[in-house]
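S.K.: A single structure is presented below for examination.
Taken together, the values in this text are just the output of simple stated rules run on the coordinates, not laboratory data. Just so it is clear, the model here is predicted, and its values are computed rather than measured. Note that we place each Cβ from the backbone using ideal geometry, even for glycine, and neighbour counts take in every protein chain shown.
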Amino acid sequence: MQPDSIWGMISQCKLAIIRRCAVISATSKNWLRKIIAKGRIKPLKQNARATQKTDTMTRTVTVSDQNGTEALAAKLASVARAGDVILMHGTLGMGKSAFCRAFIRAVADNPHEEVPSPTFTLVQIYELDRVPVWHFDLYRLSDPEEVHELDIEDAFSDAVSLIEWPDRLEYLTPENRLDIHIDPGSNPDGRVFKLEPHGDDWDARINDLVVDPS
């Protein structure tokens, strides 16, 4: 076989691979568009997060200890319903998991409900009588589309979704959600919770929360 023929075959193979990758990429994008079109995932518009901060009511709740955190979580759990998405923001050690644990136990109406961390499993599912709760920890994800492997669309539709490290969602962040930012309080056990509602009727629901449940 002549060298020119060999190089010609190599070029054709490269072209075939490039075309195949393009088809796969287009298929993936079309699949994602279909999901978005069905309303199962509603990505934020560009710069929507910054705009919504000025248009929504941010409620600040200060607690002095762990009991206050658990009380706030229980009050929020009492108004939660299927389809709610609650995004937990905060650095390591701020108490995101503790808040989620108290929330789940309140929904279960069982203070002894076993609530393991989803750090390694990425998601823990609780099929509770009042409403299912899916507890996500997305810290280990490297690409937002990896959340599809966790069936997160089902959680968004049929359950309450508690999501730690929600920044990993990026453009897949739902428009209808409650953002909870946890900051240090005035003492080592104190915390400041900033609740930012987006869409639906979160405004009305968090407006009924006691300002300081500690």
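S.K.: Quickly run through segment 147-184 and pick out the residues that are touching an Asp or Glu at 6+ places or on another chain (Cβ under 9 Å) and small (Gly, Ala, Ser).
M.R.: Correct list: Ala159, Ser161.
S.K.: Residues that are loosely packed, with under 13 Cβ neighbours inside 10 Å: list the strands (runs of 3 or more DSSP E) wholly contained in segment 107-214 that include at least 3 such residues.
M.R.: Answer list for segment 107-214: none.
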